[in-house]
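Following: one structure in structure tokens, then a few remarks.
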Amino acid sequence: MNASKYMRQYFLPPDITYDWVKKDHFDKPPLWCSVDLRDGNQALIEPMSLDEKIEFFQLLVRIGFKEIEVGFPAASETEYAFMRALIERDMIPDDVTVQVLTQAREHIIRKTFEAVKGAPRAVIHLYNSTSVAQREQVFRKNKDEILKLAVDGAKLLKRLADETEGEFLFEYSPESFHGTETDYAVDVCNAVLDVWKPTADHKDIINLPATVETAMPHVFASQIEYADRHLKYRDGVTLSIHPHNDRGCGVADAELAVLAGADRIEGTLFGNGERTGNVDIVTLAMNLYSYGVDPGLDFSDMTGIRDVYERLTGMRVYERQPYAGDLVFTAFSGSHQDAISKGMNFRKGDDDKVWTVPYLPIDPVDIGRTYDSDVIRINSQSGKGGISYILKENFSISLPEKMREQVGYTVKHVSDVEHRELSPRLVYDIFSKEYIEPMPYFNIPECHFRQENGIMAETTIASGERTAIVDASGNGRLDAVSNTIKQYFGVTYELSVYEEHALSHGSASKAMAYVGITSRGYMYWGAGMDEDIIKASIRALTVAVNKLPAITGRAYSATNDRLEAIMEYIQNNYRTVTLGSLAREFHLSEPYISKYIKDKSGKTFVAQVARIRMKKARTLLRTSDLKVDEIADQTGYQNVEHFNRTFKKTFGMTPLQYRVSSRNSTE
């Protein structure tokens, strides 16, 4: 790269004051003008049809735009027909002003006035380029000639407006303002204003476009401040800006320019436009909204607006696009989820509080988003706070504080193994399969209580094909049941945590119970759900005790048989086996069977599958002439690069190197 071929191509104003720097915000919105149907449309690979432009116009009206640049009528028949359709079909609301663009050339100006004839109110937007580069390279005209071109156009606009039916305002843009000497650009604008002579009751627009963004935002603001102070007829002028985004600073350009004196902003939805696009009015408006200023534009149905925009333009709103992208409110990080969850709890019961929830600049609900699907989403990076929030908000499951970490690791493990995001329903399913359902070694189908030296429990314990009735007393019902289990199995543990809560209200409401037991310094958890809180508590205790090593060890021989069956299934289905298919085959949860394989074999499920596949691949490399990609497919790898990486990691050489080495060793 050769940086020496470039230089700064903007011009600082002759007098720089930087008074705008003393301001830190603005407390009212600027005037908004959408240029989607002109600047945005001309940048599309396939410009919108007449019907599509009409639908887009109606979308802009619904959002609340009062000024809409509808096109360049002299540029194409579609543009001309669109302008005529809006007028002849009476589609322009009384409070909306349409705007059309025209170059400072007589035949184009005349065609433009033909297009707007009969419009209730229209802005005729005149422009010509004033930059050094275009003066020298494109037009080959000096400053006086360029100024005369603008003045002649302004005179013709004024004359034709008097001759044409309708109410007209004028706008002038010195195109490529960044690349024009600031004082000269202002001189051209003032010459145009001398023709129009605007007043406070009949304002015209001076629009200063960053046609190609070549300056930093503070430079643009200084240029705007100079123009604000040196334009004639200032009380009769609406000072407008039209930032592009070539340097990625369009939003900053616009915001600083307003601080410097700009009254009006031309831009597009989601920043569509030539090259890197125009300034994004959605972001600008929502930035104001986040400061407590009503922008005068309604983005409460952001998803619906985005859907129409994408369908009509063929463009896509990027996932990280401010306020509108799929992921802009999403927290996968555990610490972020925990802070958001606590922030939401802090607001409960007082919706009038100023919005201060960590990591969320606005309330996603305000623009039609939801907390469960848009904000806290679960993957392998998530934490206990986010997972607990999902369970509570979607399923009314309020985990005990001490249980959250273990549940978090369980859920995250599934996401990590499967390399995917987990929906709220899937999070619940994992929780249910790991903490509500599993009773692989014993269950308690029946239990009765009587008052005798405290509480006496008569517990029916079913373990395999054996069933026994065991009596024991305790300080309460759950303690008594716990003592019957200890007595029957000869195990010891401490009943450490018990919590309960209602899941719903009414006669058919269910209760949720959580039990944590401690054995040899480790906590085992279970949960139970039932209309009867005692039954829910017993179920939770049963699940927790089923996880004790002392209980699982009683099924050691059965465990060995199960492990052998699992390994045989993997061996026979190594090309297509997944953790999910394996879990379904053996009627176990995915987290459970994953942990089971690791605990019993010393290797993870992924490692076991890779071991079998690599062994098969090595055999095929030695004994066949199959290509590497064919061997990858034969051994269950859809991606040959993944196969190559795994092989090299396992054997320290690529498949081709192994083939050559193995064949050389046999010669």
For MET7, MET286, MET523, give me the order by solvent-accessible area with a 1.4 Å probe, most accessible first, ignoring ligands, DNA and RNA. MET7, MET523, MET286
When only C-alpha pairs under 8 Å and at least 6 residues apart count, what is the relative contact order of segment 110-186, in percent? 50 percent
Provide the solvent-accessible area of LEU626, counting protein heavy atoms only and rolling a 1.4 Å probe, rounded to the nearest 10 Å². 50 Å²
Would you work out if segment 43-125 is rounded, prolate or oblate? Take a ≥ b ≥ c from the square roots of the eigenvalues of the alpha-carbon gyration tensor; rounded if a/c is under 1.5, else prolate when a/b is larger than b/c, oblate otherwise. oblate
Quick check on segment 1-152: what are the equivalent-ellipsoid semi-axes from the Cα gyration tensor, as sqrt(5λ), descending, whole Å? 32, 23, 17
Of the beta bridges DSSP finds with both residues in segment 164-288, what % are antiparallel, to the nearest 5? 15 percent
Based on C-alpha coordinates, I'd like the Rg and Dmax of segment 399-444, in Å. 11.9, 37
Determine the percent antiparallel among the DSSP beta bridges restricted to the chain, to the nearest 5. 50 percent
Under the rule of -39500 (n - 2.57) per DSSP H run of 4 or more residues, summed and divided by the residues of the chain, what mean residue ellipticity at 222 nm is obtained, to the nearest 500 deg cm²/dmol? -13500 deg cm²/dmol
Kirkwood-based Rg over Rh for the chain (C-alpha set), two decimals? 1.16
More than 19 Å apart: what percent of Cα pairs in segment 142-198 qualify? 30 percent
Normalised Cα Rg of segment 169-232, dividing by 2.2 N^0.38 Å with N its residue count, works out at 1.11
Per the Cα gyration tensor, segment 187-330 corresponds to an equivalent ellipsoid with semi-axes, largest first in Å, of 30, 16, 14
Ignoring ligands and nucleic acids, what accessible area does TRP525 show with a 1.4 Å probe (Å², nearest 10)? 0 Å²
For segment 52-95 and segment 590-667, distance of Cα centres in Å: 62 Å
Please enumerate, by chain and number, the aspartates and glutamates with C-alpha under 20 Å from the C-alpha of LYS111, excluding those fewer than 8 residues away in the same chain. ASP39, GLU69, GLU77, GLU79, GLU88, ASP152, ASP162, GLU163, GLU165, GLU167, GLU171
Coordinate range along principal axes, alpha carbons of segment 89-165, Å, largest first: 45, 22, 17
Would you mind classifying segment 1-77 by shape? Square roots of the alpha carbon gyration tensor eigenvalues, ordered a ≥ b ≥ c; an a/c under 1.5 is rounded, otherwise it is prolate if a/b is larger than b/c and oblate if not. oblate
If DNA, RNA and ligands are ignored and the probe is 1.4 Å, what is the ranking of HIS107, HIS413, HIS501 by accessible area, most exposed first? HIS107, HIS413, HIS501
Partners for LYS342 among lysines (Cα-Cα distance below 22 Å; same-chain residues under 8 apart left out): LYS353, LYS384, LYS392, LYS402, LYS412
Using the eigenvalues of the Cα gyration tensor, what equivalent ellipsoid semi-axes result for segment 405-514 when each is taken as the square root of five times the eigenvalue, whole Å, largest first? 32, 18, 14
In Hz, Karplus ³J(HN,Hα) per residue of segment 105-121 (6.51, -1.76, 1.60; θ = phi - 60°; x = Gly, Pro): 10, 4, 5, 6, 5, 4, 4, 5, 5, 4, 5, 9, 4, x, 5, x, 6
Ranked highest first by average number of other Cβ atoms within 10 Å, how do 208-218, 296-306 line up? 208-218, 296-306
What percent do you get for the relative contact order of segment 164-318 when only Cα pairs under 8 Å and 6+ apart count? 18 percent
Of all the accessible heavy-atom surface of segment 1-112, with the other protein chains kept in place and a 1.4 Å probe, what percent is carbon and sulfur? 50 percent
Carbon plus sulfur fraction of accessible area for segment 383-524, probe 1.4 Å, in percent: 44 percent
Which angle from 0 to 90°, rounded to the nearest 10, does the C-alpha axis of helix 384-395 make with the longest principal axis of the chain? 90 degrees
Scalar couplings 3J(HN,Hα) for segment 601-607 by Karplus 6.51 cos²θ - 1.76 cosθ + 1.60 (θ = phi - 60°), nearest whole Hz, x for Gly and Pro, are 10, x, 10, 6, 4, 4, 5
Over the chain, with neighbouring protein chains present, the accessible area per residue in Å² at probe 1.4 Å is 48 Å²
Net charge contributed by nearby residues that have their C-beta within less than 14 Å of THR518 (K/R +1, D/E -1): +3
Loop only by DSSP, 12 or fewer other Cβ within 10 Å of the Cβ. Give me the GluC sites (Glu not before Pro) in segment 485-541 that pass, ordered by residue number. GLU531
For LYS649, LYS535, what's the largest-to-smallest order of accessible area, 1.4 Å probe? LYS649, LYS535
Per the charge dipole of segment 1-72 (beta-carbon charges, Lys/Arg positive, Asp/Glu negative, Cα centre), the residue among TYR18, PRO30, PHE72 reaching farthest to the positive end is TYR18
Computed ³J(HN,Hα) along segment 298-314: with the Karplus parameters 6.51/-1.76/1.60, θ = phi - 60°, integer Hz and x for glycine or proline, the list is 9, 10, 5, 10, 4, 5, x, 4, 4, 4, 5, 4, 5, 5, 7, 9, x
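The values are calculated or read from the model by the stated rules, or taken from the named source; none is laboratory data. Here the structure is a predicted model, which means the values were calculated and not measured. Positions of Cβ are generated from backbone atoms using ideal geometry, with glycine treated the same way; all protein chains shown enter the neighbour counts. Just so you know, the surface numbers come from the protein's heavy atoms only, side chains and all, with ligands and any DNA or RNA stripped out. Shrake-Rupley method; radii C 1.70, N 1.55, O 1.52, S 1.80 Å.
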